[in-house]
Amino acid sequence: MAETAIEMIGVNKWFGDFHVLKDINLRVGQGERVVVCGPSGSGKSTVVRCINRLEAHQQGTIRVDGIELTDDPSSVAAIRADVGMVFQQFNLFPHLTVLQNLSLGPMKARGLGRVEAEARAREYLERVRIPEQADKRPAQLSGGQQQRVAIARSLCMEPKVLLFDEPTSALDPEMISEVLDVMVELAEEGMTMVVVTHEMGFARKVADQMVFMDEGEIVETGPPAQFFEAPKSRRCQKFLSQILSH
Amino acid sequence: MRNLILFLSLLLLSGCASSSTWGWYVIDPTKPNGWINIKFLVSGMGATIAISLIAAAISIFLGLVVALPGLAERWYLRAFNRIYVELIRSIPLLPMLFWVFYGLPIIFKSMGLNIPIEPFWGAIITLAISDSAFTAEIYRAGIQSIAKGQTEAAQTIGLNYVQTMRYVIMPQAIRRILPPLANQFIYIVKMSAFASVIGMQELTRRANELVVTEYRPLELYSLLILEYLVLVLIISAGVRWLERRMGSDERG
């Protein structure tokens, strides 16, 4: 088995009285692709957001690349340096051009010079197939293009792990595939990925491990073949029949 | 609008004609004495501008320093922000001016410090502190209006707090902060008139002093109002130019 990239052991989290994450145990190996699915409100986004400390967990252990995530700001900074994230709402910086969106992190957080940072930015724009949009503002791009810029922005930080929080949920249907294509390519290149998504076709194609969550718990995990053909739990069967019925 | 201007012009002109009620001669530039009076009145402009500019500059800085803890997660930082804002904005300007000008030197003295507070700095300190509670709220509202996802995205590409504020949040927030901040600046210019009561030789003080010797309050205070009007119109024009440059006038 590959070396461990992400490890969550007995993770619990509450929002006030609400128990959002209940005893989450999850291991993601290096180069592994994990797809997390489940009904809305099941805590799947929260799991992903705990991995790079956008949310703080209250119990249990989270390790990324051997570094334990604690209240210590240096551990948070160290983990964020290794973990990129792509959001449902893209969260591009609207006041900056595409190129500036991409070069900001490398320049300010990594101390790269402008020339080097912009060369890297153009390289990744090429990878997501929109090099010609470099000088536009995010608002001038389509949703699919914006999300690809957001993926390129994460890649510019050269992360070891990429987290995707429902990356296609805010997109018009005709733009979903251009984003998924880029994600499939990343998977084929061996990027470690944790993807929260309802795109089951994508999951079948790239996932090494499926995780089904409901009401804050991991209900079922397994390789996609087994997960889609013979889900064990009733909740998982019900969920799959609902989203795969059309 | 046109009728109003016509009416006011007629009113003023009628005053010029019948000198029993109006005495425009006190500020008639064609008369030697009138010209001297005008120069005396307008010479307060420098102090009014200086007090307003320095106080606004301090307030713009202080407001940010007070606003940022208000957006923090730690409760005691937020508590500091709330207490400062609620306390400072509940103190009327005039009592605060008296407190700073007459009271503060006593505190200094009890601490063994001999720091005299001149009217100039007394006015600036008071205006700046008093205004900072409002600028702090303007900053807080402006920063909070920027979607949380922007901060999160900045964090995930490794930016620290200061970098996130400087490169991501403030450049977006400033477009929303600028118009209300300009409003505050105009407010400071007008409130600087209170400095006259502690002996600061600014526009209002000058007018008061002339009123005492010339005994023509209507004409002199009319000119005083006009002086503030001109000042504020100039500021408004400047702000409008700045807003256009920063894109604050655009929607969305």
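The values are calculated or read from the model by the stated rules, or taken from the named source; none is laboratory data. As the structure is a computational prediction, the values presented were derived from the model and not from experiment. All Cβ positions, even for glycine, are placed from backbone atoms using ideal geometry, and neighbour counts span all protein chains on display. Side chains included, ligands, DNA and RNA excluded: accessible areas come from the protein's heavy atoms. Shrake-Rupley method; radii C 1.70, N 1.55, O 1.52, S 1.80 Å.
Tabulated values for the structure
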read-out: Largest-first principal axis extents of the Cα set of segment B:147-252 (Å); value: 69, 29, 16
read-out: Spin-label model distance (nm) - A:ARG137 vs B:LEU6, 7 Å beyond Cα toward Cβ; value: 4.5
read-out: Protection-proxy order for peptides A:144-155, A:22-33, each taking the mean of Cβ atoms within 10 Å per residue, highest first; value: A:144-155, A:22-33
read-out: Neighbouring partner chain Cβ atoms per residue of A:90-99, average, 10 Å criterion; value: 4
read-out: Net charge, B:GLU227 excluded, C-beta distance under 15 Å - Lys, Arg +1, Asp, Glu -1; value: +1
read-out: Dipole in debye (nearest 20) - the protein assembly as shown, about Cα centre, beta carbon charges: Lys, Arg +1; Asp, Glu -1; value: 1300
read-out: Spatially proximal aspartates and glutamates relative to A:LYS238 (Cα-Cα < 20 Å; intrachain offsets below 8 disregarded); value: A:GLU199, A:ASP214, A:GLU215, A:GLU217, A:GLU220, A:GLU229
read-out: Helix axis angle, B:203-214 relative to chain B longest principal axis, alpha carbon, degrees; value: 20
read-out: Gap separating the Cα centres of segment B:201-233 and segment A:219-245, nearest whole Å; value: 82
read-out: For the protein assembly as shown: accessible area per residue (Å², 1.4 Å); value: 50
read-out: Shielding score for B:120-133, defined as the mean number of other chain Cβ atoms within 10 Å; value: 0
read-out: Principal-axis tilt of helix B:217-246 within chain B, Cα atoms, nearest 10 degrees; value: 30
read-out: Label-point gap, in nm, between B:ARG89 and B:ARG240 - each point 7 angstrom along Cα→Cβ; value: 2.8
read-out: The protein assembly as shown: Rg to Rh, with Rh as the Kirkwood radius over Cα pairs; value: 1.16
read-out: Accessible-area order (highest first, 1.4 angstrom probe) of the listed residues A:ASP181, B:ASP131, A:ASP17; value: A:ASP17, A:ASP181, B:ASP131
read-out: C-alpha center-to-center spacing [segment B:24-65, segment A:56-81] in angstrom; value: 58
read-out: Neighbour net charge for B:LEU71 - beta-carbon separation under 14 angstrom, K R +1, D E -1; value: +3
read-out: Peptides ranked, highest mean first, by Cβ atoms within 10 Å: ranges A:95-107, A:189-201; value: A:95-107, A:189-201
read-out: A versus B: buried accessible surface, summed, Å² (probe 1.4 Å, to nearest 100); value: 1500
read-out: Share, in percent, of DSSP beta bridges within the protein assembly as shown that are antiparallel, nearest 5; value: 55
read-out: Entries in B:LYS31/B:LYS190; A:LYS160/A:LYS205; A:LYS205/B:LYS148; A:LYS44/B:LYS148; A:LYS13/B:LYS148; B:LYS39/B:LYS190 that, when Cα-Cα distance is taken, lie over 27 Å; value: B:LYS31/B:LYS190; A:LYS205/B:LYS148
read-out: Given chain B, longest segment not containing exposed loop trypsin sites (Lys or Arg not before Pro) (DSSP; at most 10 other Cβ within 10 Å); value: B:75-250
read-out: Overall Cα dimensions of chain A - principal axes, largest extent first, Å; value: 53, 45, 37
read-out: Gyration tensor (alpha-carbon) shape descriptor, chain B, a/c threshold 1.5; value: oblate
read-out: Percent carbon-and-sulfur accessible area, the protein assembly as shown, ignoring ligands, DNA and RNA, probe 1.4 Å; value: 60
read-out: Virtual paramagnetic centre 7 Å along Cα→Cβ of B:ILE107, amide N under 17 Å, in segment B:74-93; value: B:83-93
